[in-house]
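To start, the structure itself, in structure tokens.
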Amino acid sequence: MSPVFDNIDLFVDGFLTSLEIILYALAGSVPLGVLIAACRVSPIPPLRAFGTFWVTTFRNTPLTVVLFFCAFGLPELGINRSFFFFGVLGLVLYTSAFVCEAVRSGINSVPAGQAEAARSLGLNFTQGLRFVVIPQALRTVVPPLGSVLIAMMKNSAVAGAFGVGGDLWSTGQRLTSALGYATFPIFVGGVAVGYLIITLTAGALLQVLERKVAIAR
């Protein structure tokens with residue numbers, strides 16, 4: 001473990017950068033996924049078609065292809081930003097499709113009579129979804145949505161392979177390839193432990209949230 005302790009400052013910086021990537025991706029993918037889910041259950045056919053197209057496209061496209069398009073395809077279209085931006089964008093687009101399906105499953109679990117009651121009170125589709133359906137759907141959404149978000153946290157390591165730089169994965173690559181450290185202790189003792197800290201902490205927080213939602217029933 002000495003290679004890890006000798007470079008602990010680099011791993012701390014990489015951990016914080018990975019955490020930053022995850023937080024930005026979380027802040028983008030959840031609202032976007034909820035919006036796409038609203039399109040999927042919308043009574044307007046073009047919106048349903050758009051939601052179906054979005055989910056079908058990104059759920060059936062490998063994350064590496066999405067990241068490759070963001071990092072190397074968008075600049076060809078005149079969109080020039082940092083690799084950090086493109087990495088986060090790829091994670092947001094990819095994860096939003098899975099967030100959408102998790103939220104949609106929760107919406108479908110709410111009895112249809114709830115939406116009908118909302119309409120009888122004079123609420124339109126958007127208001128009924130916001131104030132009546134989604135608050136009830138939250139109870140069943142937390143477990144599958146938590147799994148999606150934890151998967152996104154692990155997928156953030158893939159973004160490091162596309163030049164994001166400074167994250168845990170990139171730090172491990174730099175130490176093993178450029179500085180000649182042994183691969184096993186660096187990636188197991190440093191990189192893997194860092195991602196375990198993130199995912200286990202997130203899992204514990206999601207379990208607390210799930211228990212609170214269960215009590216609210």
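The values are calculated or read from the model by the stated rules, or taken from the named source; none is laboratory data. This one's a predicted model, so the numbers in the text were calculated from it and none came from an experiment. Note that each Cβ is placed from the backbone with ideal geometry, even for glycine, and that neighbours are counted across all protein chains shown. What goes into the accessible areas is simple: the full protein's heavy atoms, side chains included, and nothing from ligands, DNA or RNA. Shrake-Rupley method; radii C 1.70, N 1.55, O 1.52, S 1.80 Å.
Looking only at the range 175-191, filter to residues that are in a helix (DSSP H, G or I) and either touching an Asp or Glu at 6+ places or on another chain (Cβ under 7 Å) or without any contact (Cβ under 8 Å) to a residue 12 or more places away in the chain (or both); which one of those is nearest to L16 (Cα to Cα)?
Among those that are in a helix (DSSP H, G or I) and either touching an Asp or Glu at 6+ places or on another chain (Cβ under 7 Å) or without any contact (Cβ under 8 Å) to a residue 12 or more places away in the chain (or both), it is V188.
Is one or more of the residues making up the range 152-175 among the small types (G, A, S) and under 30 Å from A38 (Cβ atoms)?
yes
Report, ordered by the first and then the second residue, all pairs with beta carbons closer than 8 Å, sequence separation of six or more or different chains, a first member in the range 48-63 that is at negative phi, and a second member that is assigned to a helix (DSSP H, G or I) and of a type in the set (D, E, K, R).
These pairs meet every condition: R48/R40; G51/R40; T52/R40; V55/R40; V55/E101; R59/E101.
Just to be sure, is T199 touching a Lys or Arg at 6+ places or on another chain (Cβ under 9 Å) and free of Cβ contacts under 8 Å to residues at least 60 places away in the same chain?
Considered against the rule, which asks whether it is touching a Lys or Arg at 6+ places or on another chain (Cβ under 9 Å) and free of Cβ contacts under 8 Å to residues at least 60 places away in the same chain, T199 comes out as yes.
Would you check which residues across the range 175-217 are open to solvent by 80 Å² or more (accessible area, probe 1.4 Å) and at pLDDT 90 or above and list them?
Across the range 175-217, the qualifying residues are L196, I197, L200, L205.
Is it fair to say L91 is open to solvent by less than 20 Å² (accessible area, probe 1.4 Å) and under 17 Å from S147 (Cα atoms)?
yes
I'd like to check something: does the range 137-158 contain any residue that is open to solvent by 40 Å² or more (accessible area, probe 1.4 Å), out of contact with any strand residue (DSSP E or B) (no Cβ under 8 Å at 6 or more places or on another chain), over 23 Å from L209 (Cα atoms) and at pLDDT 75 or above?
Checked the range 137-158: at least one residue is open to solvent by 40 Å² or more (accessible area, probe 1.4 Å), out of contact with any strand residue (DSSP E or B) (no Cβ under 8 Å at 6 or more places or on another chain), over 23 Å from L209 (Cα atoms) and at pLDDT 75 or above.
What number of residues in the range 9-49 are open to solvent by 80 Å² or more (accessible area, probe 1.4 Å), hydrophobic (A, V, I, L, M, F, W, C) and closer than 28 Å to G166 by Cα?
So the answer is 2.
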